[in-house]
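J.: First the structure, then my questions, so here it is.
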Amino acid sequence: MDFMTAIDVGASALKAERTHLNVISMNLANAKTTRTADGGPYRRKEVVFKETEVQSPFSKAMNSALDQDVKGVRVESVQNDRRPLKQVYEPGHPDADEEGYVSYPDINVVEEMTNMLSAMRAYEANVSTITTSKSMFSKALEIGR
């Protein structure tokens, strides 16, 4: 694996984790949203990651067998969570049903904050890998001087 491949793998992870953080922020912002443009309460979102190629077909053909197994990551999809909605008795609420219950998204703020910390740590780790790769590349150039 060359230096640029390591940077490409790290960059793919940065992009995926940025999307993950955006989805977590969206969940936290809509924790009490009872009405959306689609009608009904907001549904919690989840990010699904998938491995992906980081090289073009041409560069892959030119690499050794060891380098061909190097994969990055990408966001495959952002899906609605399948948890049931929370039913809260609030008869005066404009979105209450006939029995006085309001449907809220089942978003646990503690869980979302934990997910956010985990995504931030993954982002920071990938920044470190890119920084280390750049440093190694710079040291290799210094050897030739």
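J.: Give me the angle, in degrees from 0 to 90, between the Cα long axis of helix 109-143 and the longest principal axis of the Cα atoms of the chain, rounded to the nearest 10.
T.: Long axis of 109-143 versus the principal axis of the chain: about 10 degrees.
J.: With the other protein chains left in place, how much accessible area per residue, in square angstrom, belongs to the chain at a 1.4 angstrom probe?
T.: That works out to 66 Å² per residue.
J.: For the chain, what's the relative contact order in percent, using C-alpha pairs closer than 8 Å and at least 6 residues apart?
T.: Answer for the chain is 33 percent.
J.: Here's a follow-up. What is the distance in Å between the Cα centroid of the stretch 116-133 and that of the stretch 73-104?
T.: Centre-to-centre distance over Cα atoms comes out at 33 Å.
J.: Just one of [x] 1.19; [y] 1.14; [z] 1.51 is Cα Rg over 2.2 N^0.38 Å calculated from these coordinates, so which is it?
T.: Identified label for the calculated read-out: [z].
J.: Rounded to the nearest 500, what is the 222 nm mean residue ellipticity of the chain from helices alone, with -39500 (n - 2.57) per DSSP H run of 4+ residues and division by all residues?
T.: Helix contribution divided over all residues of the chain: -16500 deg cm²/dmol.
J.: Same structure, new question: Which one, Thr34, Val109, Ser77, is farthest towards the positive end of the dipole of the chain when Lys and Arg carry +1 and Asp and Glu -1 on their Cβ?
T.: Farthest towards the positive end: Ser77.
J.: Under a straight-distance cross-link criterion of Cα-Cα below 16 Å, which aspartates and glutamates are reachable from Lys45, leaving out those fewer than 8 residues away in the same chain?
T.: Glu17, Glu76, Asp81, Asp106, Glu111, Glu112
J.: Report, by chain and number, residues whose modeled amide H sits under 5 Å from the one on Asp81, excluding near sequence neighbours (fewer than 5 apart, same chain).
T.: Arg44, Lys45, Glu46
J.: OK, next. Charges only on Cβ, +1 for Lys and Arg, -1 for Asp and Glu: so what's the dipole of the stretch 72-132 about the Cα centre, in debye to the nearest 20?
T.: My answer is approximately 500 debye.
J.: Please give, to one decimal in nm, the separation of the simple spin-label points placed at Ala37 and Asp106, each 7 Å out from Cα toward the Cβ.
T.: 2.7 nm
J.: Also: Tabulate in residue order the Karplus-calculated ³J(HN,Hα) for the stretch 88-97, using 6.51 cos²θ - 1.76 cosθ + 1.60 with θ = phi - 60°, rounded to whole Hz; enter x for Gly and Pro.
T.: Values, residue by residue: 10, 7, 9, x, x, 6, x, 9, 6, 7 Hz.
J.: Taking amide hydrogens as modeled 1.01 Å from N in the peptide plane, which residues meet the under 5 Å criterion relative to Val54, leaving out close sequence neighbours?
T.: The list, which skips near neighbours in sequence, is Gly72.
J.: For the chain, find the longest principal axis of its Cα atoms and tell me its angle to the long axis of helix 3-29, 0 to 90°, nearest 10.
T.: With both axes taken from Cα atoms, the answer is about 10 degrees.
J.: Rank Asp69, Asp106, Asp38 by mean-square fluctuation in a GNM of the chain with C-alpha springs under 10 angstrom and give only the top-ranked residue.
T.: In the Gaussian network model the winner is Asp38.
J.: Moving on. How large is the dipole of the chain about the Cα centre if only Lys and Arg carry +1 and Asp and Glu carry -1, each at its Cβ, rounded to the nearest 20 debye?
T.: 540 debye
J.: Please compute the net charge surrounding Ser12, taking Lys and Arg as +1 and Asp and Glu as -1 over other residues with Cβ under 14 Å from its Cβ. Numbers along the way, then the final one.
T.: Values: positive: Lys15, Arg18, Lys50, Lys71, Arg74; negative: Asp8, Glu17, Glu51, Glu53, Glu76.
Around Ser12, the charge tally is 0.
J.: Now for a separate question. From the phi of every residue in the stretch 33-43, what ³J(HN,Hα) in whole Hz does the Karplus formula 6.51 cos²θ - 1.76 cosθ + 1.60 yield, where θ is phi - 60° and glycine or proline is x?
T.: 7, 9, 9, 10, 5, 7, x, x, x, 5, 10
J.: Return the carbon/sulfur percentage of the accessible area of the stretch 67-111, one whole number, probe 1.4 Å, all protein chains in place. Numbers along the way, then the final one.
T.: Details: 1390 of 3040 Å².
Carbon and sulfur together cover 46 percent of it.
The values are calculated or read from the model by the stated rules, or taken from the named source; none is laboratory data. If you're wondering where the values come from, they're calculated on a predicted model, not measured in any experiment. Glycine gets a Cβ as well: all are built from the backbone with ideal geometry, and neighbour counts include every protein chain shown. When the accessible area is computed, the model is the full protein with side chains, heavy atoms only, and any ligands, DNA or RNA have been set aside. Shrake-Rupley method; radii C 1.70, N 1.55, O 1.52, S 1.80 Å.
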